[in-house]
1. For region B:113-143, which positions are more than 21 Å from B:Ala185 (Cα to Cα), in a loop (DSSP other than H, G, I, E, B) and touching a helix residue (DSSP H, G or I) at 6+ places or on another chain (Cβ under 8 Å)?
2. Looking at region B:71-92, is at least one residue touching a strand residue (DSSP E or B) at 6+ places or on another chain (Cβ under 9 Å) and more than 25 Å from B:Ser41 (Cα to Cα)?
3. From the list A:Asn236, A:Asn268, exactly one residue is buried (at least 20 other Cβ atoms within 10 Å of the Cβ) and either more than 19 Å from A:Ile415 (Cα to Cα) or of a type in the set (A, V, I, L, M, F, W, C) (or both). Which is it?
4. Checking the conditions here, which among A:Ala172, A:Ala213, A:Ala146 is surrounded by 21 or more Cβ atoms within 10 Å (Cβ to Cβ), within 30 Å of A:Asp19 (Cα to Cα) and in contact with a helix residue (DSSP H, G or I) (Cβ under 6 Å, 6 or more places away or on another chain)?
5. Name the single residue that is nearest to the chain's Cα centre (by Cα) among those in region A:338-362 being buried (at least 16 other Cβ atoms within 10 Å of the Cβ) and part of a loop (DSSP other than H, G, I, E, B).
6. Looking at the structure I just gave you, is A:Ser246 closer than 25 Å to A:Leu112 by Cβ and in contact with a Leu (Cβ under 6 Å, 6 or more places away or on another chain)?
7. Looking at region A:69-107 only, could you name the residues that are over 20 Å from the mean Cα position of the chain (by Cα) and under 13 Å from A:Ala152 (Cα atoms)?
8. I'm trying to understand the selection: among the residues of region A:363-381, which are within 10 Å of chain B (Cβ to nearest Cβ) and either under 32 Å from the mean Cα position of the chain (by Cα) or surrounded by 14 or more Cβ atoms within 10 Å (Cβ to Cβ) (or both)?
Amino acid sequence: MDLKDKLVSSFLAFENNVDVDHPVHDIRSEAIKNFELRGFPNKKQEAWKYTSLNALKKIDFSIFPKQINALEYKDVKRYFLHEIDTYKIVFIDGVYSSFLSETTHDGVDICLMSAALSKPMYKQIIDVYFNKVASKEESLTTLNTAFSKEGAYIYIPKNKVPKKPIEILHFATGNEASLLLQPRNLIIAEENAELQIIERHQSLTSNEILTNAVTEIFAAKNAIVDYYKVQNDLKNASLIDNTYISQKNNSTVKVHTFSFGGKLTRNNLNYYQNGEYIDSTMKGVTILGEKQHVDHHTLVHHREPNCESHQDYKGIYGEKSVGVFNGKIIVDKIAQKTNAFQQNNNILISDKATINTKPQLEIFADDVKCSHGCTIGQLDEEALFYLQTRGIPKKEAAALLMYAFANNVLESVRIPELKMRINRLIANKLGVQLGFDL
Amino acid sequence: MLKVNNLHAGVEGNEILNGINLEINPGEVHAIMGPNGSGKSTLASVIAGKEEFEITEGGIEFDGEDLEETSPEERAHKGIFLSFQYPVEIPGVSVTNFMKTAINESRKARGLEDMPANQMLKLIREKSELLEIDRKFLSRSLNEGFSGGEKKRNEIFQMAMLEPKLAILDETDSGLDIDALRIVANGVNKLRSKDNAILVITHYQRLLEYIVPDFVHVLHEGKIVKSGTKELALELEEKGYDWIKNESVV
């Protein structure tokens, strides 16, 4: 049986474990029908031209973990931002771990999707927000919607700011030979609310893991959301990360994506501007080696006037790695005075590495400022020589230049400890010790 | 200290240096002058080890050792320093952190431990005062957004920090106003000693009023066509390079 058939037939088993009378279940039933109709995307589709799921589709993934697995904190501590105090929503093989988590209902709700989908007190919010910005057509998103049951649920009421950043961590123990995970997150920041989220998917063994995640983010008037995605997974872990963001007047949503690992990573990051004076910012640093593959697909839909969007993705590709950047900007006719900027700069440090970069601008308004630029280059020989003449060996000199290249993306990271952590990940990834904390 | 023997070098079969002979001893200051395109900067880069240039004949010895197989960083560790005409910008890496890396890499190459932080800070303070460099400047990203004068001053600051045996100053005076020139030259002069040597590469005589050379060499079409004392620089200034060009044809 192929993976699609297996998934469709598993839906019946899934229904035994959820409340089929809940209105959300109608959404799930619709979604599975959609997935059954469309199936997995393939390379004939423009959006999937450079990223193939064929190899993953051949793997016999378990859809539900057979047992509940536990982890000791000391064994996974290094994946947490343990230098500072955080709220934590932790899942092990897709199952919530209360032991590793620290949730709260103190003025804000930082808890579980399963709770939000089952308890009557959340019903009103679920009715208003659940699956309202996520695509009802994109097949992997509908697949996630069909099986949506668990994930992070974060609700920040008007004028509230949580005391500390929130970490969402997904561990895969590898106790299954191969496992498909489908977390579903819902994040709502009401008027003037502000929050910071750090998200990480981490496999702990060499067994095959495929995560197909969907996150919906709603930012109301004046809300500020900072979302950091740390993607530094093991080499048999793949991730399809679908993020949908709806913004209202004067809100700011920034998503930073740091892609340093994993086998295949596809980031679908979609912004919908539903108000004026909105700032949508997406930044990324990608550093790949081996045969790693990362595909960043961004969409910003400017639907109202006077808004901004900023995109800045930097990529460094070594060995046989493959990078894709596809940035789509749509400016509706009504969206006058839009400022949309897009930048994608890449360095290839191996002859066998590949980058496919494509800006896609659809502009229907006439009074807008839109700019895009992409570059593909090598390390500057003159700069390397300069550093070497100061006694810095070539390898370290190259690392320093790559760090400098990626640096302006890091400048906007607002959690200093996270910035340090990312710096260290970059140094590790580049295989150097630089004599100072970058 | 430095012996350049019949050096022929070029890039992709295009010969730029056509048999240079030059000997520099400890305590000496040499100046190389010459018109644009005479090979001045190429000579500086070849001594510092730039891989782009191929040595086709002759060679370079430093402290009795042939440098042919020596990488730029190893030359730096041996005590060769090149002040760049166009220093490179490195965003995100502060002047201080850059110097820490450079100094500790050199120490590592000599089998020494990292320099203790307090000693490093003391050294940075001392040398930045020498070049009249503001503290704030040190936490800025290396060369990023620096004015021409700031870049050059920063080059000499790096030289002061690294204390090379042989410092090559490639067009250090270009882009400097008279005040900056004085500060830079003053810094260089304070670093002069009987154990180190300086090779000044310049198009104009101006810098040599401040950094007074023991020897002046004139480079033309990849060859030293005339050598003399500091008076030669004045003569050149007066008569212009055409004088040399015409003379060398004869």
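The values are calculated or read from the model by the stated rules, or taken from the named source; none is laboratory data. All values derive from a computational prediction rather than experimental measurement. Heads up, the Cβs are rebuilt from the backbone with ideal geometry, glycines too, and the neighbour counts pull from every protein chain shown.
1. B:Glu113, B:Asp114, B:Met115, B:Ser139, B:Arg140
2. yes
3. Going through A:Asn236, A:Asn268 in turn, just one is buried (at least 20 other Cβ atoms within 10 Å of the Cβ) and either more than 19 Å from A:Ile415 (Cα to Cα) or of a type in the set (A, V, I, L, M, F, W, C) (or both): A:Asn268.
4. Checking each option against the conditions leaves just A:Ala146.
5. Looking at the filtered set, the residue picked out is A:Ala353.
6. In short, no.
7. Those that are over 20 Å from the mean Cα position of the chain (by Cα) and under 13 Å from A:Ala152 (Cα atoms): A:Ser97, A:Ser98, A:Ser101, A:Glu102, A:Thr103, A:Thr104.
8. Narrowing region A:363-381 to residues within 10 Å of chain B (Cβ to nearest Cβ): A:380-381.
Hit for region A:363-381 is A:Asp380, nothing else.
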